[in-house]
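S.K.: Mind having a look at this structure? Questions to follow.
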Amino acid sequence: MSRIIKAAIIQMANKLDTGASVEEHRMAMTEAHLPYIDQAGAEGVQMLCFQEIFTGPYFCPSQDAKWYGAAEAIPDGPTTQLMCEYAQKYNMVIIVPIYEEHMTGVYYNTAAVIDADGSYLGKYRKMHIPQVAGFWEKFFFKPGNLGYPVFDTAYGKVGVYICYDRHFPDGARCLGLNGAEIVFNPSATVAGLSQYLWELEQPAHAVANGYFIAAINRVGTEAPWNIGKFYGSSYFADPRGQIVAQASEDNDEIVIADLDLELVREVRNTWQFFRDRRPETYGQLTEL
């Protein structure tokens, strides 16, 4: 017996010079995504996710308070509300990674999860926040405080892990223990030090936890920061760690894949990692 769902991810280059206003960025990037959302709807996609902070550039190479203005409320802000309409229109689960304003001066790197009927299910806030040259994220984001929720959508159980989170197996395991069948990881990562990890860590998480992974990156370079090339290569990996569909390094693309969620049960019954784990021996993980 199979439980095949059609899932999609969208990777995209930033559309405006970073001198544009935050509202101009939001409008340009939203408009650029709409044809891909329509394409996904026409092809019967049931789950869809965009890249990290999809409504603008990856502004964290700066420490410019201008970008605080890019944050918006969830679920009442314009982007989440628009995507609720599209989710209902196409009977599609949509994961919406945006910059969240919780209150004035408190901002999170967040993904809203919308069910296929257009209802807002909840959100995940990025837990691990890097602070190194070119990635001054602590200037912009407070660490997440909502744990590792899994959302029981119309088509399957969805978890979210955002960009830098992917370097930490602990949260990936929590998502598995919480019941995730597919984990979406919207990202913004450039060529260089970590590129070789892009197709290593997340397939390993898929194997260790017996779920699907959808890894989404952006493409292109973003002046004036020029921290490197966002190399795309967005992909789906199955619970055996095999990459089953992948985008190019350079182009705006939608990647659509048929994923059999029954493979989660098959793989977990073969590799009994959850049965054989020894949490009573792992105490030092929370002490060091």
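S.K.: What do you reckon, is residue 86 among the aromatic types (Phe, Trp, Tyr), surrounded by fewer than 21 Cβ atoms within 10 Å (Cβ to Cβ) and in contact (Cβ under 8 Å) with a residue 40 or more places away in the chain?
M.R.: Details: among the aromatic types (Phe, Trp, Tyr): yes; surrounded by fewer than 21 Cβ atoms within 10 Å (Cβ to Cβ): yes; in contact (Cβ under 8 Å) with a residue 40 or more places away in the chain: yes.
Yes; evaluated as a whole, the condition is true for this residue.
S.K.: Here's something else I'd like to know. Being outside any strand (DSSP E or B) and either touching a helix residue (DSSP H, G or I) at 6+ places or on another chain (Cβ under 8 Å) or closer than 22 Å to residue 120 by Cα (or both) is the filter here, so list the residues in region 144-163 that pass it.
M.R.: Just the residues of region 144-163 that are outside any strand (DSSP E or B), to begin with: 144-149, 153-156, 161-163.
Once the filter is applied, which keeps residues that are outside any strand (DSSP E or B) and either touching a helix residue (DSSP H, G or I) at 6+ places or on another chain (Cβ under 8 Å) or closer than 22 Å to residue 120 by Cα (or both), region 144-163 yields 144, 145, 146, 147, 148, 149, 153, 154, 155, 156, 161, 162.
S.K.: Tell me whether region 95-105 contains one or more residues that are polar (S, T, N, Q), over 25 Å from residue 258 (Cβ atoms) and either free of Cβ contacts under 8 Å to residues at least 60 places away in the same chain or surrounded by fewer than 23 Cβ atoms within 10 Å (Cβ to Cβ) (or both).
M.R.: Here is the first cut: in region 95-105, the ones polar (S, T, N, Q) are 104.
Now narrow it down to the ones that are over 25 Å from residue 258 (Cβ atoms): 104.
Imposing the further condition that a residue be either free of Cβ contacts under 8 Å to residues at least 60 places away in the same chain or surrounded by fewer than 23 Cβ atoms within 10 Å (Cβ to Cβ) (or both) reduces the set to 104.
Yes, that holds for at least one residue.
S.K.: Can you say whether residue 124 is buried (at least 16 other Cβ atoms within 10 Å of the Cβ), under 18 Å from the mean Cα position of the chain (by Cα), within 29 Å of residue 224 (Cβ to Cβ) and of a type in the set (Ser, Thr, Tyr), as far as the supplied structure shows? Lay out the reasoning, then the answer.
M.R.: Numbers: buried (at least 16 other Cβ atoms within 10 Å of the Cβ): yes; under 18 Å from the mean Cα position of the chain (by Cα): yes; within 29 Å of residue 224 (Cβ to Cβ): no; of a type in the set (Ser, Thr, Tyr): yes.
No, not satisfied.
S.K.: In region 26-44, is there at least one residue being over 30 Å from residue 134 (Cα atoms) and surrounded by 23 or more Cβ atoms within 10 Å (Cβ to Cβ)?
M.R.: For region 26-44, residues over 30 Å from residue 134 (Cα atoms) and surrounded by 23 or more Cβ atoms within 10 Å (Cβ to Cβ): present.
S.K.: Among the listed residues 237, 208, 245, 188, which satisfies the condition of being at pLDDT 95 or above, small (Gly, Ala, Ser) and under 22 Å from residue 109 (Cβ atoms)? Quick ask: steps written out before the conclusion?
M.R.: Numbers: 237 fails: under 22 Å from residue 109 (Cβ atoms); 208 fails: under 22 Å from residue 109 (Cβ atoms); 245 fails: under 22 Å from residue 109 (Cβ atoms).
Selected residue: 188, the only one of 237, 208, 245, 188 that is at pLDDT 95 or above, small (Gly, Ala, Ser) and under 22 Å from residue 109 (Cβ atoms).
S.K.: Additional query: Which one of these does residue 285 not meet: (1) of a type outside the set (D, E, K, R); (2) modelled with pLDDT of 95 or more; (3) under 20 Å from residue 166 (Cβ atoms)?
M.R.: In the conditions (1) of a type outside the set (D, E, K, R); (2) modelled with pLDDT of 95 or more; (3) under 20 Å from residue 166 (Cβ atoms), residue 285 misses (2) alone.
S.K.: Which one of these does residue 159 not meet: (1) small (Gly, Ala, Ser); (2) surrounded by 18 or more Cβ atoms within 10 Å (Cβ to Cβ); (3) at pLDDT below 95?
M.R.: Going through the list (1) small (Gly, Ala, Ser); (2) surrounded by 18 or more Cβ atoms within 10 Å (Cβ to Cβ); (3) at pLDDT below 95, residue 159 breaks only (3).
S.K.: Between 41, 69, 56, which is in contact with a His (Cβ under 6 Å, 6 or more places away or on another chain) and modelled with pLDDT of 95 or more?
M.R.: On inspection, the qualifying residue turns out to be 56.
S.K.: Assess whether residue 18 counts as being out of contact with any Asp or Glu (no Cβ under 6 Å at 6 or more places or on another chain), under 27 Å from residue 117 (Cα atoms), surrounded by fewer than 23 Cβ atoms within 10 Å (Cβ to Cβ) and among the β-branched types (Val, Ile, Thr).
M.R.: Values: out of contact with any Asp or Glu (no Cβ under 6 Å at 6 or more places or on another chain): yes; under 27 Å from residue 117 (Cα atoms): no; surrounded by fewer than 23 Cβ atoms within 10 Å (Cβ to Cβ): yes; among the β-branched types (Val, Ile, Thr): yes.
Judged against the criteria, residue 18 is not a match.
S.K.: Can you give me the number of residues within region 106-136 that are without any contact (Cβ under 8 Å) to a residue 60 or more places away in the chain and more than 22 Å from residue 180 (Cα to Cα)? Talk me through it step by step, then tell me what you get.
M.R.: In the first step, residues of region 106-136 are kept if they are without any contact (Cβ under 8 Å) to a residue 60 or more places away in the chain; the result is 106-110, 112-115, 117-133.
Those left that are additionally more than 22 Å from residue 180 (Cα to Cα): 106-108, 129-133.
So the answer is 8.
S.K.: Can you say whether residue 166 is touching a residue at least 24 places away in the same chain (Cβ under 8 Å), charged (D, E, K, R), surrounded by fewer than 21 Cβ atoms within 10 Å (Cβ to Cβ) and in a helix (DSSP H, G or I), as far as the supplied structure shows? Break it down into steps so the answer makes sense when it comes.
M.R.: On the way: touching a residue at least 24 places away in the same chain (Cβ under 8 Å): yes; charged (D, E, K, R): yes; surrounded by fewer than 21 Cβ atoms within 10 Å (Cβ to Cβ): no; in a helix (DSSP H, G or I): yes.
Spelling it out, it is not the case that residue 166 is touching a residue at least 24 places away in the same chain (Cβ under 8 Å), charged (D, E, K, R), surrounded by fewer than 21 Cβ atoms within 10 Å (Cβ to Cβ) and in a helix (DSSP H, G or I).
S.K.: Okay, moving on. Considering region 117-143 alone, what residues qualify as being assigned to a loop (DSSP other than H, G, I, E, B), of a type in the set (A, V, I, L, M, F, W, C) and touching a strand residue (DSSP E or B) at 6+ places or on another chain (Cβ under 9 Å)? Outline the logic, then answer.
M.R.: In the first step, residues of region 117-143 are kept if they are assigned to a loop (DSSP other than H, G, I, E, B); the result is 117-119, 126-130, 133-134, 140-143.
Keeping just the survivors that are of a type in the set (A, V, I, L, M, F, W, C) gives 127, 129, 133, 140-141.
Of everything in region 117-143, those that are assigned to a loop (DSSP other than H, G, I, E, B), of a type in the set (A, V, I, L, M, F, W, C) and touching a strand residue (DSSP E or B) at 6+ places or on another chain (Cβ under 9 Å) turn out to be 129, 140, 141.
The values are calculated or read from the model by the stated rules, or taken from the named source; none is laboratory data. Everything numeric in this text was worked out from a predicted model, so none of it was measured. Reconstructed Cβ throughout: ideal geometry from the backbone, glycine too, with neighbour counts over all protein chains shown.
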